[in-house]
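Notes follow once the structure below has been shown.
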Amino acid sequence: MQFYDFKEIQERVILIGVQTDAGEDVEASLDELEELAQTAGAETAAKVIQNRESVHPGTYIGRGKIQEVKNLLTALDANGVICDDELSPSQMNNLERELECKVMDRTLLILDIFAGRAVTSEGKIQVELAQLRYRAVRLVGLRDSLSRLGGGIGTRGPGEKKLETDRRLIRTRISALKAELAQVEKHRELIRGNRSKGMLKTAAIVGYTNAGKSTLLNTLTGAEILAEDKLFATLDPTTRVLELDDGQQILLTDTVGFIRKLPHHLVEAFKSTLEEAKYADYIIHVVDASNPQAEMQMEVVYKTLRELGASGKKVITLFNKQDLVTESDLRDPNADQIIKCSAKTGKGLTELKETLSGFLAEEQVYLEELYSYREAGKLQTIREYGQLLSEEYREDGIFVRAKIPAEFFVRVMPER
């Protein structure tokens with residue numbers, strides 16, 4: 001019997017962007033698109049930028065540029081193109097017909113990466129829901145090209161068989177996924193409710209993708225979650241307790257990374273996950289200080305936070321990766337505190353913990369009380385949720401000086 005070794009052929013793609021605004025940095029956006037393509041397993045053969053007053057409504061780029069890209073495909077032995085914006089169904093269909101190759105857009109690429117990175121059942125549901133919503137309106141255009149895909153970017157997740165079904169079946173699948181996701185969201189809300197009953201404050205770690213959020217959580221709490229130098233290395237939020245140097249505790253929650261032109265299908269599907277920032281008491285904004293596009297990335301993060309309704313919270317901005325920076329003049333007018341740090345080496349993290357302790361202390365009240373020995377258990381509550389400044393054991397009980405969150409004040413008051 002003869003065996004064949006089937007190896008997946010790496011896709012070679014040409015990246016295409018359209019410059020419509022003089023202030024828009026399309027070149028930097030294509031550099032990021034190249035990173036995304038690499039993360040998805042594709043090799044970039046060339047980058048093409050067209051200056052236009054507006055994106056071509058039918059083919060994204062003009063006819064002259066189409067011919068230029070077609071020539072490049074042949075000359076560079078490329079087998080696909082990726083456009084830096086989300087294409088309409090007609091744009092994708094027309095462009096594919098003109099170029100006679102596989103056509104993808106930024107949204108499809110990001111969805112494909114998410115499909116490959118989703119681990120938990122919640123993550124898989126969210127990704128499949130986002131993919132099906134995206135593809136439902138493109139079913140007619142995709143139907144002609146699916147037979148040529150055979151694998152590669154855009155085929156992970158729901159799979160070719162599902163995409164070949166009609167719109168009615170896709171709508172049925174979307175309804176089923178939405179029902180499953182609703183149950184997951186109820187479970188997440190229950191967890192949030194239990195956290196609030198526990199009265200521990202929460203800080204959400206947010207930032208642009210690959211800014212170092214997971215590394216920060218690992219260094220601070222030993223969470224041991226995946227932290228790679230890749231875009232969207234982790235999708236699923238992780239919450240860990242951080243014990244501060246003064247004995248106080250706070251919950252830290254890692255969140256999915258933000259990115260420019262984040263597909264609205266993903267924002268909608270990952271809403272319950274992204275809303276960890278909305279329900280947090282504080283925001284820890286991690287910025288890759290070594291990235292030339294750091295200021296743009298900060299703008300994207302704050303814009304996304306506003307869209308999620310997570311504005312108006314105290315913000316600690318960490319200019320991370322200082323081990324890769326010689327000098328930096330970055331500023332963040334939206335931050336209540338700015339810290340230069342390296343999550344990898346631990347530099348600046350003591351200052352971060354001191355800042356969090358200060359935030360917690362601002363919401364605490366001071367008490368001096370005498371507790372009977374049978375009420376000694378209340379001291380443990382003070383230790384867990386506040387600061388036990390001193391305790392003096394006397395004949396008539398334990399005299400305590402402490403700071404405690406206002407919401408705990410009644411709970412820890414001694415019996416009269």
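The values are calculated or read from the model by the stated rules, or taken from the named source; none is laboratory data. All values reported here derive from a predicted model rather than from experimental measurement. Positions of Cβ are backbone-derived with ideal geometry, glycine not excepted, and every protein chain shown enters the neighbour counts. Areas reflect the complete protein model, heavy atoms only, side chains present, ligands, DNA and RNA absent. Shrake-Rupley method; radii C 1.70, N 1.55, O 1.52, S 1.80 Å.
Condition first: under 20 Å from L262 (Cβ atoms) and either surrounded by fewer than 20 Cβ atoms within 10 Å (Cβ to Cβ) or of a type in the set (V, I, T) (or both). Now tell me which residues in region 32-42 satisfy that. Result: E34, E35, Q38, T39. Pairing each residue of region 300-327 that is basic (K, R) with any residue that is open to solvent by 30 Å² or more (accessible area, probe 1.4 Å) and part of a helix (DSSP H, G or I), provided the two are 6+ apart or on different chains, yields no C-beta distance under 6 Å. Looking only at residues of region 247-283 that are among the β-branched types (V, I, T) and at pLDDT 85 or above, we find that the one that is farthest from the chain's Cα centre (by Cα) is I250. When restricted to residues that are of a type in the set (S, T, N, Q) and under 30 Å from E295 (Cβ atoms), region 237-271 contains 4. Residues that are of a type in the set (V, I, T), surrounded by 20 or more Cβ atoms within 10 Å (Cβ to Cβ) and either closer than 25 Å to T172 by Cβ or without any contact (Cβ under 8 Å) to a residue 24 or more places away in the chain (or both) are absent from region 49-59 altogether.
Residues are listed down the side, and each one gets a yes or a no for (1) modelled with pLDDT under 75; (2) within 14 Å of the chain's Cα centre (by Cα):
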site: K186; (1), (2): no, no
site: G193; (1), (2): yes, no
site: A203; (1), (2): no, no
site: Y208; (1), (2): no, yes
site: A211; (1), (2): no, yes
site: T219; (1), (2): no, no
site: G222; (1), (2): no, no
site: P237; (1), (2): yes, yes
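Residues that are polar (S, T, N, Q) and either surrounded by fewer than 20 Cβ atoms within 10 Å (Cβ to Cβ) or modelled with pLDDT of 85 or more (or both) number at least 1 in the following helices (runs of 4 or more DSSP H) confined to region 63-164: 63-75, 89-99, 106-117, 121-136, 139-149.
Looking only at region 29-59, how many residues end up being within 26 Å of the chain's Cα centre (by Cα) and not polar (S, T, N, Q)? Adding up the residues that qualify gives 12. When L244 is tested against the conditions (1) at pLDDT 75 or above; (2) open to solvent by 40 Å² or more (accessible area, probe 1.4 Å), the lone failure is (2). Within the set A22, A28, the sole residue that is outside any strand (DSSP E or B), within 26 Å of L266 (Cα to Cα) and not aromatic (F, W, Y) turns out to be A28. Scanning region 167-184 for residues that are among the aliphatic types (A, V, I, L, M), under 15 Å from K124 (Cβ atoms) and at pLDDT below 85 yields a total of 2. Restricting A28, A45 to residues that are of a type in the set (G, A, S) and either buried (at least 19 other Cβ atoms within 10 Å of the Cβ) or in contact with a strand residue (DSSP E or B) (Cβ under 7 Å, 6 or more places away or on another chain) (or both) narrows the list to A45.
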